[in-house]
């Protein structure tokens, strides 16, 4: 039996992952040599993006400078996921519920999945993991893979790492073998909550870092914000009673936080916010790419406010207020705490 692999999501990161896996499966006898990549249909000069990808082997909207392997087949039909053995979810977290509910009840038995989605499910005052939502809704196992992965660098073959969690031994081997290569190294840890929360909360911190950069701050100030953000991630672990501090030293932790603060889309969005540019204008400037940081900041703030804890997380709270309540960007300075880690 060969595992049929499908990617759910064809943005810049989804396409980069499709390229990585399409190259890998050609050397793996246990996996089908074709990768299906589902994406929401868009039109470039009235031509469907799926058609452009399948004929030119370039995702001209999201990774225009990258030539894709010919064994990637793009589709906008969710029904083509029905016979998949492995599903890789790489969609903006805002669209998770809509997509998952459309494929509910259509998948064959024995499917396993992994989420590369950075975000949370906020409902009825509580925080839930996207991987758990996928697993519970589709009744399939779903792990999570997070790491310091800038899409264009993965696509160009720069050596990268990922942290995998939420899988049993058999699933872990299948997923790890699929992703592992000389340019992408996967480690497995037993901390689903910690891995997924790292990937989520770093988007809020990178917004704060970008806001500082956009205001013209130096590295001292920006890194002070980064440090305080890391403390708030640790404290959020404690508030939930989930996550292991040691997970912060995996690729999904400090490494992902650093790369997101230096080069991620939320850092870039934060830079614009620091220059007092609205979220609507930012989306236009970033070519329609979905910004996950602001929505995540809102969800985290609403959770904290519901618990009466928002003042204990000044950076998370300030990033939300700058994005949504017209707080001035320089309010971020108040988040730089003089306290030591032990005091905090």
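Each value in this text was obtained by applying a stated rule to the coordinates, not by laboratory testing. On a predicted model such as this, the values are computed, not experimentally measured, just so you know. Don't worry about glycine lacking a Cβ; one is built from the backbone with ideal geometry, like all the others, and counts go over all protein chains shown.
Of the residues 122, 40, the one with the fewest other Cβ atoms within 10 Å heads the list, and the complete ranking is 40, 122. The peptide list 102-110, 185-193, 168-176, put in order of mean Cβ contacts within 10 Å with the highest first, becomes 185-193, 168-176, 102-110. The distance linking the range 225-255 with the range 1-80 is 33 Å (Cα centroid to Cα centroid, whole angstrom). Spin-label pair residue 76-residue 44: with each label point 7 Å from Cα along the Cα-Cβ axis, the two points sit 1.4 nm from one another. Going from the residue with the fewest nearby Cβ atoms within 10 Å to the one with the most, 46, 299 rank 46, 299.
Stretching residue 98 away from residue 83 to a fully extended chain increases their span by 3.4 nm, per 0.36 nm per residue minus the current alpha-carbon distance. When you restrict to C-alpha pairs under 8 Å that are six or more residues apart and normalise by the size of the chain, the relative contact order lands at 15 percent.
Overall shape: prolate for the range 43-151, with the ratio a/c of the largest to smallest alpha carbon gyration tensor axis at 1.5 or above and a/b above b/c. Within the range 1-101, the percentage of alpha carbon pairs spaced more than 20 angstrom apart rounds to 33%.
Most tightly packed first, judged by the mean number of other beta-carbon atoms within 10 Å of their residues, the peptides 214-223, 152-161 read 152-161, 214-223. Each 10 Å bin from zero holds the following percent of Cα-Cα pairs in the range 197-343: 12, 47, 34, 7, 0.
Label-to-label distance for residue 57 and residue 123 is 4.2 nm, based on points extended 7 Å past Cα in the beta-carbon direction. At an R0 of 25 angstrom, the distance between the Cβ atoms of residue 331 and residue 285 translates into a FRET efficiency of 0.65. Among 93, 67, 57, the order by Cβ neighbours within 10 angstrom, fewest to most, reads 67, 57, 93. Computed from the Kirkwood radius of its Cα pairs, the Stokes-Einstein diffusion coefficient for the range 3-188 at 25 °C and 0.890 mPa s stands at 148 µm²/s. From most to least packed by mean Cβ count within 10 Å, the peptides 202-211, 227-236, 71-80 give 202-211, 227-236, 71-80. Inter-label distance, residue 109 to residue 311: 5.7 nm, where each label sits 7 Å from its Cα along the C-beta direction. Based on C-alpha pairs under 8 angstrom that are at least 6 apart in sequence, the range 228-299 has a relative contact order of 17 percent.
For the chain, the alpha carbon positions stretch 58, 45, 38 Å along the principal axes, listed from largest to smallest. Taking every alpha-carbon pair under 8 Å whose residues sit at least 6 apart, the range 255-344 reaches a relative contact order of 21 percent.
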